[in-house]
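Below is one structure, written out as structure tokens; comments come after it.
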Amino acid sequence: MESIAPFSLCDYAHIAPWIILGVLLLGGLNFPISEDLVLILSGATASLCMPEYTFWLYGWTYAACCLASWETYWIGRLLGPKLYDFRWFRRFLDEKRISRLHHYYEKYGILVFIVGRFCPGGVRNALFLSSGLGKMPFGRYVLRDGFGALCSTACLFYLGYSFGINYPTVIHFIKTYDIALLIIILLIIILLYFFTVYKAKTNN
């Protein structure tokens, strides 16, 4: 199986856990890093390069996701409203969004964390920060976010693992229908571009 895996993936499999941890912790500091992509690549690494350590790698990845969210929580908890003075966080952090998220997790509890874990990084980090800003008890936060993280990491890790197992089939499909896929991707990009322009005009 390793012989068909992308060399750049398996060549660094032995340090993959530390790469995963470092990248996710940077994401917790609001660097533009996709946690979802890291989870998918982690699952693919397990199936392609180190299948005997699949459960261990998943456990490590899950723990890293939790640590990253705790990092974001404590930034919000310790800095509080001072966060609004940092341009680094103002990109996605505003009092209206924080207030709305605070209302949601007070009303819906753990469900907000389950859904929030599947949302893009900006929304996800805003949820973690709002929990800290709202001074949610850390024990309650750990339980709620831990369960939400379990749901999202299991799904995305399994998605990456499944891709790794079916890697030859996927590559064969791409090579067979590469022109059609390219056209579809270009159409999606064009549609997204026009949607963004239209949205910007309507907001103005």
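The values are calculated or read from the model by the stated rules, or taken from the named source; none is laboratory data. This is a predicted model, so every value here is computed, not measured. Cβ sites come from the backbone with ideal geometry, for glycine too, and all protein chains shown count toward neighbours.
Structure notes:
- Restricting the first member to the stretch 131-154 and to residues that are assigned by TED's automatic domain parsing to the domain that holds G43 and farther than 26 Å from Y58 by Cα, and the second to residues that are aromatic (F, W, Y) and crowded, with 20+ Cβ neighbours inside 10 Å, the beta-carbon pairs closer than 9 Å and six or more apart or on different chains are G132/Y73; G132/Y141; G134/Y105; M136/Y73; M136/Y105.
- Residue within the stretch 19-31 that is loosely packed, with under 14 Cβ neighbours inside 10 Å and either at pLDDT below 90 or closer than 18 Å to S152 by Cα (or both) present: yes
- Only one of the numbered conditions (1) aromatic (F, W, Y); (2) over 24 Å from A64 (Cβ atoms); (3) modelled with pLDDT of 90 or more is violated by Y198, and that is (3).
- Flag for Y108 being surrounded by 15 or more Cβ atoms within 10 Å (Cβ to Cβ) and more than 18 Å from L67 (Cα to Cα): no
- Residue list for the stretch 55-71, filter: of a type in the set (A, V, I, L, M) and more than 14 Å from the chain's Cα centre (by Cα): L57
- Just one of the numbered conditions (1) assigned to a helix (DSSP H, G or I); (2) modelled with pLDDT under 90; (3) under 21 Å from V38 (Cβ atoms) is not true of S152: (2).
- Matching residues in the stretch 136-158 - criterion: being surrounded by fewer than 15 Cβ atoms within 10 Å (Cβ to Cβ) and among the basic types (K, R): R140
- Residue tally, condition of a type outside the set (A, V, I, L, M) and surrounded by fewer than 24 Cβ atoms within 10 Å (Cβ to Cβ), over the stretch 34-53: 7
- Residue within the stretch 7-18 that is modelled with pLDDT of 85 or more and of a type in the set (A, V, I, L, M) present: yes
- Some residue of the stretch 94-113 being in a helix (DSSP H, G or I), modelled with pLDDT under 85 and aliphatic (A, V, I, L, M): yes
- Residues of the stretch 12-42 classified as free of Cβ contacts under 8 Å to residues at least 12 places away in the same chain and either outside the structural domain of L129 (by TED's automatic domain parsing) or part of a helix (DSSP H, G or I) (or both), total: 7
- Matching residues, the stretch 62-71, being farther than 17 Å from I40 by Cα and surrounded by fewer than 24 Cβ atoms within 10 Å (Cβ to Cβ): L67, W70, E71
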